[in-house]
Amino acid sequence: TVTIPVPGSTTVPSGVPLDITQDVSIVGVSSVDTSSMNVLTTSGIYEFPDRANPGKTYVGQSSNVERRLQEHRRTGRLDDLQNADVTTVSGRKFDREIAEQNRISQLGGLPGGRVSNERNPIGASREEEAARRGLRTPVPR
């Protein structure tokens, strides 16, 4: 838990960066409106129930998960940010793609699994390198 003292204030001033992936306790603050805050970005993977494909889960990756989830929300694919599960992944895009592929595979893979994704993030040409860097199972094709 991160504690941020804000003396004499009942709201967090606009522009205060908060990492919303952690539990946050702000001393002296009765409510927090995150809509106007400069929220720190999270690099990682995310998943949520896909409104465009009922009964399926969409899995994605981004260097800025919060921004990407907002995009999914604007397009109607995600109904509420609270319905998304986020896993922080350090490293580069390839590391996030490996984590994304591992999660897609856990959910049954493509095609025919419980995901709405249309393609695997790890193609056949990168599968061997991905296996050396943490890909858990062969990619279902």
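Compared with the alpha-carbon gap, the fully stretched path from Arg67 to Arg132 is longer by 20.4 nm at 0.36 nm per residue. In terms of packing, defined here as the mean over residues of other Cβ atoms within 10 angstrom, the peptides 98-110, 79-91, 51-63 line up highest first as 98-110, 51-63, 79-91.
Coordinate-derived values only; no laboratory data. Because the structure is predicted, anything quoted here is derived from the model rather than measured. Using ideal geometry, Cβ is built from the backbone for each residue, glycine included, and neighbour counts are taken over all protein chains shown.
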